[in-house]
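Asker: Can you read through this structure? Questions will come right after.
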(Lines give C-alpha, C1' and ligand atoms only; values in the text may rest on other atoms or scores of the structure.)
Protein backbone atom coordinates (compact mmCIF):
# COMPACT_ATOMS: atom_id res chain seq x y z
CA UNK A 1 0.00 0.00 0.00
CA UNK A 2 1.53 3.29 -1.11
CA UNK A 3 1.32 6.12 1.44
CA UNK A 4 2.73 9.64 1.66
CA UNK A 5 3.25 10.06 5.40
CA UNK A 6 3.46 6.55 6.90
CA UNK A 7 6.86 5.01 6.16
CA UNK A 8 7.89 1.35 6.42
CA UNK A 9 5.16 0.28 8.84
CA UNK A 10 6.22 -2.94 10.56
CA UNK A 11 3.01 -3.73 12.43
CA UNK A 12 -0.06 -2.43 14.26
CA UNK A 13 1.95 -1.02 17.18
CA UNK A 14 4.34 0.77 14.81
CA UNK A 15 1.34 2.20 12.93
CA UNK A 16 -0.02 3.67 16.17
CA UNK A 17 3.40 5.13 17.01
CA UNK A 18 3.72 6.81 13.63
CA UNK A 19 0.15 8.14 13.79
CA UNK A 20 0.78 9.73 17.20
CA UNK A 21 3.85 11.53 15.86
CA UNK A 22 2.02 12.72 12.73
CA UNK A 23 -1.03 13.84 14.72
CA UNK A 24 1.13 15.80 17.16
CA UNK A 25 2.98 17.55 14.32
CA UNK A 26 0.05 18.23 11.98
CA UNK A 27 -3.12 18.54 14.05
CA UNK A 28 -4.87 21.87 13.15
CA UNK A 29 -5.36 22.73 16.82
CA UNK A 30 -1.57 22.72 17.16
CA UNK A 31 -1.03 24.89 14.10
CA UNK A 32 -0.90 22.10 11.52
CA UNK A 33 -2.40 22.08 8.04
CA UNK A 34 -6.01 20.86 7.79
CA UNK A 35 -5.59 19.23 4.37
CA UNK A 36 -2.40 17.46 5.41
CA UNK A 37 -4.10 16.11 8.54
CA UNK A 38 -6.99 14.85 6.43
CA UNK A 39 -4.56 12.88 4.24
CA UNK A 40 -2.87 11.49 7.38
CA UNK A 41 -6.25 10.33 8.73
CA UNK A 42 -7.28 8.76 5.42
CA UNK A 43 -4.01 6.83 5.24
CA UNK A 44 -4.27 5.83 8.89
CA UNK A 45 -7.81 4.51 8.44
CA UNK A 46 -6.78 2.26 5.55
CA UNK A 47 -3.64 1.06 7.32
CA UNK A 48 -5.61 0.55 10.55
CA UNK A 49 -7.98 -1.88 8.83
CA UNK A 50 -5.05 -3.63 7.16
CA UNK A 51 -2.86 -4.11 10.26
CA UNK A 52 -5.31 -4.55 13.13
CA UNK A 53 -5.61 -8.34 12.68
CA UNK A 54 -2.19 -9.04 11.19
CA UNK A 55 0.97 -10.13 13.00
CA UNK A 56 3.86 -7.72 12.84
CA UNK A 57 7.52 -7.61 13.83
CA UNK A 58 6.83 -5.12 16.65
CA UNK A 59 4.99 -7.36 19.15
CA UNK A 60 7.17 -6.19 22.04
CA UNK A 61 6.54 -2.50 21.37
CA UNK A 62 5.23 -0.22 24.14
CA UNK A 63 2.45 0.80 21.75
CA UNK A 64 0.99 -2.75 21.51
CA UNK A 65 -1.65 -2.09 24.20
CA UNK A 66 -2.21 1.55 23.21
CA UNK A 67 -6.06 1.78 23.39
CA UNK A 68 -6.25 -1.92 22.63
CA UNK A 69 -9.56 -2.97 21.09
CA UNK A 70 -10.46 0.56 19.98
CA UNK A 71 -11.84 1.16 16.51
CA UNK A 72 -10.15 3.61 14.12
CA UNK A 73 -12.50 6.45 15.12
CA UNK A 74 -12.12 5.71 18.85
CA UNK A 75 -8.34 5.58 18.64
CA UNK A 76 -8.06 8.82 16.61
CA UNK A 77 -10.43 10.61 19.00
CA UNK A 78 -8.53 9.50 22.12
CA UNK A 79 -5.15 10.49 20.70
CA UNK A 80 -6.36 13.98 19.78
CA UNK A 81 -8.01 14.37 23.19
CA UNK A 82 -4.70 13.55 24.87
CA UNK A 83 -2.99 16.36 23.03
CA UNK A 84 -5.28 18.90 24.64
CA UNK A 85 -4.04 20.83 27.68
CA UNK A 86 -5.07 22.78 30.78
CA UNK A 87 -2.86 25.71 31.76
CA UNK A 88 -1.33 25.84 35.23
CA UNK A 89 -3.08 29.15 36.02
CA UNK A 90 -6.52 28.15 34.72
CA UNK A 91 -9.28 29.19 37.11
CA UNK A 92 -12.90 28.58 36.18
CA UNK A 93 -13.92 31.47 38.45
CA UNK A 94 -12.14 33.98 36.19
CA UNK A 95 -14.51 35.35 33.56
CA UNK A 96 -13.36 36.76 30.21
CA UNK A 97 -13.55 40.36 31.46
CA UNK A 98 -11.43 39.37 34.47
CA UNK A 99 -8.84 37.78 32.19
CA UNK A 100 -8.77 40.81 29.90
CA UNK A 101 -7.98 43.10 32.85
CA UNK A 102 -5.47 40.60 34.25
CA UNK A 103 -3.59 40.38 30.93
CA UNK A 104 -3.60 44.18 30.52
CA UNK A 105 -2.14 44.70 34.01
CA UNK A 106 0.49 41.99 33.49
CA UNK A 107 1.57 43.45 30.13
CA UNK A 108 1.83 46.96 31.59
CA UNK A 109 3.98 45.68 34.45
CA UNK A 110 6.13 43.26 32.45
CA UNK A 111 6.74 45.37 29.34
CA UNK A 112 6.47 48.86 30.80
CA UNK A 113 8.16 50.53 27.81
CA UNK A 114 5.50 49.20 25.43
CA UNK A 115 1.85 50.01 24.88
CA UNK A 116 -0.62 47.14 24.47
CA UNK A 117 -4.28 46.88 23.62
CA UNK A 118 -6.23 43.99 25.16
CA UNK A 119 -9.83 43.82 23.97
CA UNK A 120 -12.73 41.50 23.22
CA UNK A 121 -14.70 41.38 19.99
CA UNK A 122 -17.11 38.62 20.93
CA UNK A 123 -18.10 36.47 23.88
CA UNK A 124 -15.26 33.95 23.79
CA UNK A 125 -12.25 35.74 22.26
CA UNK A 126 -9.45 37.86 23.68
CA UNK A 127 -7.30 39.90 21.32
CA UNK A 128 -3.88 41.31 22.22
CA UNK A 129 -2.17 43.95 20.07
CA UNK A 130 1.24 45.59 20.40
CA UNK A 131 0.63 49.29 19.68
CA UNK A 132 3.95 50.92 20.60
CA UNK A 133 7.37 49.53 21.49
CA UNK A 134 10.84 50.87 22.24
CA UNK A 135 12.27 48.13 19.99
CA UNK A 136 11.54 47.70 16.26
CA UNK A 137 8.95 44.98 15.69
CA UNK A 138 9.82 44.65 11.99
CA UNK A 139 13.19 44.27 10.32
CA UNK A 140 14.37 47.20 8.18
CA UNK A 141 12.60 47.42 4.85
CA UNK A 142 9.64 45.25 5.93
CA UNK A 143 7.86 47.65 8.28
CA UNK A 144 4.06 47.51 8.49
CA UNK A 145 1.36 49.59 10.14
CA UNK A 146 -0.63 46.51 11.13
CA UNK A 147 0.07 42.80 10.90
CA UNK A 148 -1.56 39.68 12.35
CA UNK A 149 0.67 37.37 14.40
CA UNK A 150 -0.24 33.68 14.17
CA UNK A 151 0.63 31.99 17.46
CA UNK A 152 1.17 28.67 15.68
CA UNK A 153 3.63 30.08 13.13
CA UNK A 154 5.50 32.75 15.07
CA UNK A 155 8.94 31.46 14.07
CA UNK A 156 8.06 31.59 10.36
CA UNK A 157 7.28 35.34 10.48
CA UNK A 158 10.48 36.39 8.70
CA UNK A 159 9.58 40.09 8.75
CA UNK A 160 9.65 40.21 12.58
CA UNK A 161 12.77 40.99 14.60
CA UNK A 162 14.10 38.40 17.04
CA UNK A 163 13.25 40.68 19.97
CA UNK A 164 9.65 40.96 18.76
CA UNK A 165 9.34 37.17 18.46
CA UNK A 166 10.79 36.74 21.93
CA UNK A 167 8.29 39.20 23.45
CA UNK A 168 5.30 37.61 21.73
CA UNK A 169 6.48 34.14 22.76
CA UNK A 170 6.55 35.25 26.41
CA UNK A 171 3.10 36.86 26.09
CA UNK A 172 1.57 33.83 24.36
CA UNK A 173 2.90 31.41 26.98
CA UNK A 174 1.55 33.57 29.81
CA UNK A 175 -1.89 33.80 28.19
CA UNK A 176 -1.86 30.05 27.47
CA UNK A 177 -1.36 29.33 31.17
CA UNK A 178 -4.91 30.63 31.81
CA UNK A 179 -6.47 28.63 28.99
CA UNK A 180 -7.37 25.04 28.28
CA UNK A 181 -7.95 23.23 25.01
CA UNK A 182 -9.77 19.91 24.79
CA UNK A 183 -10.90 20.30 21.19
CA UNK A 184 -11.08 17.67 18.50
CA UNK A 185 -11.46 19.36 15.13
CA UNK A 186 -11.79 15.99 13.38
CA UNK A 187 -15.23 15.62 14.95
CA UNK A 188 -15.94 19.40 14.87
CA UNK A 189 -15.76 19.48 18.65
CA UNK A 190 -14.24 22.67 20.10
CA UNK A 191 -13.78 23.22 23.81
CA UNK A 192 -11.49 26.02 25.01
CA UNK A 193 -11.62 28.53 27.84
CA UNK A 194 -11.17 31.33 25.29
CA UNK A 195 -9.79 31.94 21.79
CA UNK A 196 -6.72 34.20 21.75
CA UNK A 197 -5.39 36.17 18.80
CA UNK A 198 -2.45 38.55 18.41
CA UNK A 199 -1.40 41.43 16.19
CA UNK A 200 1.08 44.25 15.83
CA UNK A 201 -1.04 47.36 15.58
CA UNK A 202 -4.81 47.33 15.21
CA UNK A 203 -7.15 47.89 12.31
CA UNK A 204 -7.97 51.37 13.68
CA UNK A 205 -4.66 52.04 15.48
CA UNK A 206 -1.30 51.72 13.64
CA UNK A 207 1.83 50.31 15.23
CA UNK A 208 4.63 52.74 16.15
CA UNK A 209 8.26 52.12 17.07
CA UNK A 210 9.17 54.85 19.57
CA UNK A 211 12.73 54.54 20.96
CA UNK A 212 13.22 55.64 24.56
CA UNK A 213 14.29 59.31 24.62
CA UNK A 214 15.37 61.67 27.35
CA UNK A 215 12.52 63.92 28.45
CA UNK A 216 12.78 67.53 27.30
CA UNK A 217 12.17 70.45 29.65
CA UNK A 218 10.86 72.53 26.77
CA UNK A 219 7.08 73.00 26.83
CA UNK A 220 5.16 71.51 23.92
CA UNK A 221 3.68 74.22 21.72
CA UNK A 222 0.09 73.60 20.74
CA UNK A 223 -1.61 75.36 17.88
CA UNK A 224 -4.40 77.61 19.05
CA UNK A 225 -7.75 77.18 17.33
CA UNK A 226 -10.94 79.22 17.62
CA UNK A 227 -14.05 78.24 19.53
CA UNK A 228 -15.98 77.24 16.39
CA UNK A 229 -13.18 74.96 15.22
CA UNK A 230 -12.92 73.52 18.74
CA UNK A 231 -16.63 72.72 18.74
CA UNK A 232 -16.40 70.96 15.37
CA UNK A 233 -13.33 69.00 16.49
CA UNK A 234 -15.01 67.91 19.71
CA UNK A 235 -18.19 66.82 17.90
CA UNK A 236 -16.28 64.75 15.35
CA UNK A 237 -13.86 63.20 17.86
CA UNK A 238 -11.48 60.91 15.99
CA UNK A 239 -13.80 60.85 12.96
CA UNK A 240 -13.77 63.12 9.93
CA UNK A 241 -15.50 63.60 6.57
CA UNK A 242 -13.83 62.26 3.42
CA UNK A 243 -14.50 60.75 0.00
CA UNK A 244 -14.22 56.95 0.07
CA UNK A 245 -12.74 55.05 -2.84
CA UNK A 246 -12.48 51.35 -3.61
CA UNK A 247 -9.92 49.64 -5.82
CA UNK A 248 -10.84 46.65 -7.97
CA UNK A 249 -7.60 44.75 -8.53
CA UNK A 250 -6.89 42.89 -11.77
CA UNK A 251 -4.95 39.63 -12.00
CA UNK A 252 -2.05 41.17 -13.93
CA UNK A 253 -1.99 44.34 -11.82
CA UNK A 254 -2.09 46.48 -14.96
CA UNK A 255 -5.81 47.16 -15.13
CA UNK A 256 -6.66 48.07 -11.55
CA UNK A 257 -9.68 50.34 -11.28
CA UNK A 258 -10.35 52.82 -8.48
CA UNK A 259 -13.83 54.29 -8.17
CA UNK A 260 -15.73 56.53 -5.77
CA UNK A 261 -17.95 54.65 -3.31
CA UNK A 262 -19.24 57.43 -1.06
CA UNK A 263 -18.71 61.20 -1.19
CA UNK A 264 -17.94 63.29 1.90
CA UNK A 265 -19.02 60.72 4.51
CA UNK A 266 -18.07 60.20 8.15
CA UNK A 267 -14.90 58.08 8.33
CA UNK A 268 -12.23 56.75 10.64
CA UNK A 269 -8.63 55.91 9.89
CA UNK A 270 -7.93 52.23 9.23
CA UNK A 271 -4.65 50.39 8.75
CA UNK A 272 -3.47 47.07 7.33
CA UNK A 273 0.02 46.03 6.28
CA UNK A 274 1.53 49.26 4.89
CA UNK A 275 -1.75 50.84 3.86
CA UNK A 276 -3.61 53.67 5.55
CA UNK A 277 -7.09 54.39 4.28
CA UNK A 278 -10.42 56.09 5.04
CA UNK A 279 -12.92 53.60 6.42
CA UNK A 280 -16.58 54.76 6.33
CA UNK A 281 -18.58 54.35 9.55
CA UNK A 282 -21.55 52.07 8.98
CA UNK A 283 -24.16 52.89 11.60
CA UNK A 284 -27.04 50.71 10.36
CA UNK A 285 -25.63 47.58 12.01
CA UNK A 286 -27.45 48.24 15.30
CA UNK A 287 -30.60 49.77 13.83
CA UNK A 288 -31.32 53.42 13.19
CA UNK A 289 -30.83 54.66 16.76
CA UNK A 290 -26.99 55.07 16.68
CA UNK A 291 -27.15 56.82 13.30
CA UNK A 292 -29.89 59.25 14.40
CA UNK A 293 -28.04 59.96 17.64
CA UNK A 294 -24.83 60.78 15.75
CA UNK A 295 -26.69 63.07 13.35
CA UNK A 296 -28.26 64.96 16.27
CA UNK A 297 -24.87 65.34 18.00
CA UNK A 298 -23.40 66.92 14.88
CA UNK A 299 -26.46 69.11 14.30
CA UNK A 300 -26.15 70.51 17.84
CA UNK A 301 -22.89 72.29 16.86
CA UNK A 302 -24.08 73.31 13.40
CA UNK A 303 -23.00 70.38 11.20
CA UNK A 304 -25.90 69.32 8.97
CA UNK A 305 -25.75 65.71 7.78
CA UNK A 306 -27.92 63.00 6.27
CA UNK A 307 -27.97 59.20 6.27
CA UNK A 308 -27.11 57.43 3.01
CA UNK A 309 -28.89 54.29 1.85
CA UNK A 310 -25.83 52.31 2.97
CA UNK A 311 -26.16 53.58 6.55
CA UNK A 312 -23.33 56.13 6.53
CA UNK A 313 -23.54 59.71 7.82
CA UNK A 314 -22.91 62.13 4.95
CA UNK A 315 -21.94 65.80 5.24
CA UNK A 316 -24.45 68.28 3.76
CA UNK A 317 -23.33 71.70 5.00
CA UNK A 318 -22.53 73.87 7.98
CA UNK A 319 -25.27 76.13 9.30
CA UNK A 320 -24.88 79.76 8.19
CA UNK A 321 -23.91 80.82 11.70
CA UNK A 322 -21.23 78.15 12.09
CA UNK A 323 -19.86 78.76 8.59
CA UNK A 324 -19.56 82.48 9.37
CA UNK A 325 -17.62 81.80 12.59
CA UNK A 326 -15.32 79.30 10.87
CA UNK A 327 -14.54 81.82 8.11
CA UNK A 328 -13.73 84.54 10.67
CA UNK A 329 -11.41 82.20 12.57
CA UNK A 330 -9.70 81.04 9.37
CA UNK A 331 -8.99 84.65 8.35
CA UNK A 332 -7.66 85.45 11.82
CA UNK A 333 -5.38 82.39 11.78
CA UNK A 334 -4.12 83.33 8.32
CA UNK A 335 -3.21 86.86 9.49
CA UNK A 336 -1.38 85.50 12.54
CA UNK A 337 0.69 83.19 10.31
CA UNK A 338 1.64 86.09 8.04
CA UNK A 339 2.77 88.14 11.04
CA UNK A 340 4.87 85.24 12.38
CA UNK A 341 6.43 84.76 8.94
CA UNK A 342 7.44 88.45 8.74
CA UNK A 343 8.87 88.37 12.29
CA UNK A 344 10.93 85.25 11.57
CA UNK A 345 12.45 86.94 8.51
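Asker: Residues to consider are 268, 246, 293; find the one that is in a helix (DSSP H, G or I) and modelled with pLDDT under 90.
Answerer: Criteria check complete, one pass: 293.
Asker: Check 131, 126 and return the single one that is over 28 Å from residue 27 (Cα atoms), touching a strand residue (DSSP E or B) at 6+ places or on another chain (Cβ under 7 Å), outside the structural domain of residue 25 (by TED's automatic domain parsing) and outside any helix (DSSP H, G or I).
Answerer: 131
Asker: Of the numbered conditions (1) at pLDDT below 85; (2) assigned to a strand (DSSP E or B); (3) under 27 Å from residue 148 (Cβ atoms), residue 259 fails exactly one; give the number of that condition.
Answerer: For residue 259, the exception is condition (3).
Asker: Conditions: (1) closer than 23 Å to residue 167 by Cα; (2) part of a loop (DSSP other than H, G, I, E, B); (3) touching a strand residue (DSSP E or B) at 6+ places or on another chain (Cβ under 9 Å). Residue 121 meets all but one. Number of the miss?
Answerer: (1)
Asker: Just give me the residues in region 20-51 being buried (at least 18 other Cβ atoms within 10 Å of the Cβ) and either without any contact (Cβ under 8 Å) to a residue 12 or more places away in the chain or closer than 22 Å to residue 153 by Cα (or both), in sequence order.
Answerer: The answer is 22, 23, 26, 27, 29, 32, 37, 40.
Asker: Looking at this structure, is residue 301 in the same structural domain as residue 233 (by TED's automatic domain parsing), under 37 Å from the mean Cα position of the chain (by Cα), within 22 Å of residue 224 (Cα to Cα) and surrounded by 15 or more Cβ atoms within 10 Å (Cβ to Cβ)?
Answerer: yes
Asker: Could we say that residue 168 is closer than 18 Å to residue 202 by Cα, assigned to a helix (DSSP H, G or I) and not assigned by TED's automatic domain parsing to the domain that holds residue 24 here?
Answerer: So residue 168 passes the test.
Asker: For residue 58, state whether it is touching a helix residue (DSSP H, G or I) at 6+ places or on another chain (Cβ under 9 Å), at pLDDT 80 or above, outside the structural domain of residue 196 (by TED's automatic domain parsing) and outside any helix (DSSP H, G or I).
Answerer: Here the answer is no, as residue 58 does not meet what is asked.
Asker: Those residues that are part of a strand (DSSP E or B) and either surrounded by fewer than 10 Cβ atoms within 10 Å (Cβ to Cβ) or touching a residue at least 12 places away in the same chain (Cβ under 8 Å) (or both), I need them from region 271-286; list them, please.
Answerer: Correct list: 271, 272, 273, 275, 276, 278, 279, 280, 282, 285.
Asker: Sticking with this structure for a sec: Could you check how many residues of region 136-150 are part of a loop (DSSP other than H, G, I, E, B), surrounded by fewer than 17 Cβ atoms within 10 Å (Cβ to Cβ) and in contact with a strand residue (DSSP E or B) (Cβ under 9 Å, 6 or more places away or on another chain)?
Answerer: Total meeting the criteria: 5.
The values are calculated or read from the model by the stated rules, or taken from the named source; none is laboratory data. Please read all numbers here as calculations on a predicted model, not as lab measurements. All Cβ positions, glycine included, derive from the backbone under ideal geometry; neighbour counts span all protein chains shown.
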